[in-house]
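Please find one structure pasted underneath; my questions will follow.
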Amino acid sequence: LPSVGGSGSGAPITGKLSFSVPTRIDGVLRGEVRSSALLVVGESGSVDGTLRASEVLVLGEVRGEIRGADRLEIGPRGRVHGKVEARTLIVNEGGILDAQCAVGA
């Protein structure tokens, strides 16, 4: 997967990003991310803002909103705080979900 905000300078990325291919976020991102494909927030990834993607896998941390996902999975060390809107929600053992949720069709 293409990676955004890798282990380089550690400086946060701020703004609006849009992807049409599966993408992984490994770093600090503040703002809005839109994807028509899989969006992975990696173990070292931290997003503060809004995610709109067809499929989201959180292995790191998201603070804000995840909207319009067909599938949202929170991994064993993943953390989501804020608001969630998804058709399918999976929280693996050890994952943290501290959010207002709207799940289903």
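The values are calculated or read from the model by the stated rules, or taken from the named source; none is laboratory data. Worth saying up front: this structure is predicted, and the values here are computed from it rather than measured. As a convention, Cβ positions derive from the backbone with ideal geometry for all residues, glycine included, and neighbour counts pool all protein chains shown. Accessible surface is based on the protein model in full, side chains and every heavy atom, while ligands, DNA and RNA are left aside. Shrake-Rupley method; radii C 1.70, N 1.55, O 1.52, S 1.80 Å.
What length, rounded to one decimal in nm, is gained on full extension from Ala37 through to Leu97, with 0.36 nm per residue of separation minus their alpha-carbon distance?
19.4 nm
First compute the accessible area of the chain with a 1.4 Å probe, then give the percent of it belonging to carbon and sulfur atoms.
Answer for the chain: carbon and sulfur cover 48 percent of the accessible area.
Just to be sure I understand the model, the point goes 7 Å from the Cα along the line to the Cβ. What's the resulting Arg67 to Phe19 distance in nm?
With each label point 7 Å from Cα toward Cβ, the separation is 2.0 nm.
Ala102: net charge of surrounding residues, Cβ under 12 Å, Lys/Arg +1, Asp/Glu -1, itself excluded?
+1
Considering only protein heavy atoms, what per residue accessible area in square angstrom results for the chain with a 1.4 angstrom probe?
52 Å²
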